[in-house]
1. So who's got an amide H within less than 5 Å of the one on Glu10, skipping anything under 5 residues away but keeping other chains? H placed 1.01 Å off N, in plane.
2. With Kirkwood radius over Cα pairs in Å defined as stated, name the option among (i) 12.4; (ii) 11.7; (iii) 13.1 computed from the structure displayed.
3. Rank these residues by their accessible area, most exposed first, probe 1.4 Å: Trp51, Trp59, Trp30.
4. By how many nm would the segment from Leu20 to Arg50 grow when fully extended, if each residue of separation counts as 0.36 nm and the alpha-carbon distance is taken off?
5. Apply the Karplus parameterisation 6.51 cos²θ - 1.76 cosθ + 1.60, with θ equal to phi minus 60°, to every residue of the range 37-49 and state each ³J(HN,Hα) to the nearest whole Hz, in sequence, with x for glycine and proline.
6. Could you report the chain's accessible area per residue, 1.4 Å probe, as an integer in Å²?
7. Considering only protein heavy atoms and a probe of 1.4 Å, how much of the accessible area of the chain is carbon and sulfur, as a whole percent?
8. So what is the relative contact order for the chain, in percent, with contacts set as C-alpha pairs under 8 Å and at least six apart?
Amino acid sequence: MKESVMSNIELLTCHEVMRLTGIRSRTTIWRRIRKGVFPHPIDIGGGRIRWRSTDIDDWIEALPLRRY
């Protein structure tokens, strides 16, 4: 079971996260991380960071709907 869960997780770059979320700057992402309202990235070594696609998907799903 663990293998199937892991195979569905992609590691996203900052640019990919920005594209998926509509956030336009890295500074905004880091500001939201510090405030505790955005998922933390993981360190994959060599000074590189990535976000788990599942964490970003969950964050998007938790956004409130805009009702008119």
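The values are calculated or read from the model by the stated rules, or taken from the named source; none is laboratory data. Every value quoted in this text rests on a predicted model; they were computed, and no experiment measured them. Reconstructed Cβ throughout: ideal geometry from the backbone, glycine too, with neighbour counts over all protein chains shown. The accessibility values were calculated without ligands, DNA or RNA, using every heavy atom of the protein model including side chains. Shrake-Rupley method; radii C 1.70, N 1.55, O 1.52, S 1.80 Å.
1. Amide H neighbours of Glu10: Ser53, Thr54.
2. Of the listed options (i) 12.4; (ii) 11.7; (iii) 13.1, (iii) comes from this structure.
3. Trp30, Trp59, Trp51
4. Between Leu20 and Arg50, full extension yields 9.4 nm more.
5. Rounded to whole hertz, the list is 10, 9, x, 6, x, 10, 8, 9, x, x, x, 9, 10.
6. Value returned for the chain: 82 Å² of accessible area per residue.
7. Answer for the chain is 51 percent, counting heavy atoms of protein chains only.
8. About 34 percent, as a whole number.
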